[in-house]
Amino acid sequence: MLIIYIAGFIVCMGLALCLTPLVKKFAIKIGATDVPNARKVHTTIMPRLGGLGIFLAFVLGLLAVLPIIPYDFTPREINFIRALLSGGGLIVLLGGLDDRFELSAKVKLLGQIAAACIVVFGFDITVDFVNIPFNNTYSSLESWIAVPLTIFWIVGVTNAVNLIDGLDGLAAGVSGIAIATIAAMAFLMGNVMVALLCLLLLGSIVGFLFFNFHPAKIFMGDAGSLFLGFCLAMLALLGFKQIAVVSFITPLLIIGVPLSDTFFAIVRRKLQKKPIFAPDKGHLHHCLRELGFSHRQTVLIIYGIATFFGILAVIQSSAALFEANWVTFVVICVMLFFLQIGAEVTGLIGKTKRPLINFFLRLRMKANPERGSK
């Protein structure tokens, strides 16, 4: 299997390297291009639809590898692969249409709900239990809770990745780190199918990044960001059921960067009394650019943050194997602390919203009154 894992990764990376230039020509031919505006960083018209190259490389690589795998997938695993390809295909079609015709937010949301419904009702994949931290028992979920929760999860994560797609290589790289995290967990827990899907998808992303990292030659567009978000939602969703020792905290850590950026965007817009879906330039990558970091530095910093979240996820899931619940508590505290500090330093919520930093400054002034008076 190790040889197949490596071969699958290389095949998908090679396919992405070959297909992306063709997709670029196709995007230019049909007019699927991104025009600069006040919210965007790039200054020239760029072809998008690059996500189609990722999708095709992943699907073709999967079809090439499946016949030679010395492992019999269970009916549920085969069902999951079909759900991933069916829902993912609809998502790529939806994103591709948006890349060309710029669909309204409502139409895109309905399309994402339709893809989630395909997964839930067409293939009977839902979150039917949760593992609560600090408690080694499982809570079963009734279908009236499981179905809307699953749809909400898929749509929410799909959109979260789409929201961070604002710089060259950002969404692809962050998604790749999250998928690599899931792959590492799958290796630790012996989940062959999840590890295989992650490595195939990771190879496709790496191949695409050769053309998407700054300065980008093509954007992934909504076809790519929505597809990667959908795949992350699905692979993390599988973790709820297949990897029994993983609590609901782990999937949240895996997608920590897009999820936290989305959360702070909602809080920021609420405080500013703006509509939740109103676009702005207050996302993490915008804030880091305003602090003076270059395009590449900003992307690499966010890669580092995504890696930090991934390490926390692996630590938390590994500790769960040994029922070390105190580790989960520590991980949650560390995550919340750095999230709040990071949001205040970068101005994610607002330039003047710095309660935690101000608290530490007051403590410092009390401890050193003479220095504070100066």
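The values are calculated or read from the model by the stated rules, or taken from the named source; none is laboratory data. Bear in mind the structure is a predicted one, so any value in this text is a computation, not a measurement. Every residue, glycine among them, receives a Cβ derived from its backbone with ideal geometry; neighbour counts consider all protein chains shown. Calculation scope for accessible area: heavy atoms of the full protein, side chains included, ligands and nucleic acids excluded. Shrake-Rupley method; radii C 1.70, N 1.55, O 1.52, S 1.80 Å.
Residues of the stretch 79-126 that are open to solvent by less than 20 Å² (accessible area, probe 1.4 Å) and either charged (D, E, K, R) or in contact with a strand residue (DSSP E or B) (Cβ under 8 Å, 6 or more places away or on another chain) (or both): Asp98, Asp99.
Within the stretch 287-303, the residues that satisfy the criterion of being assigned to a helix (DSSP H, G or I) and under 14 Å from Gly342 (Cβ atoms) are Cys287, Leu288, Thr298, Ile301, Ile302. Within the stretch 213-250, the set of residues being at pLDDT 90 or above and β-branched (Val, Ile, Thr) comprises just one member, Ile218.
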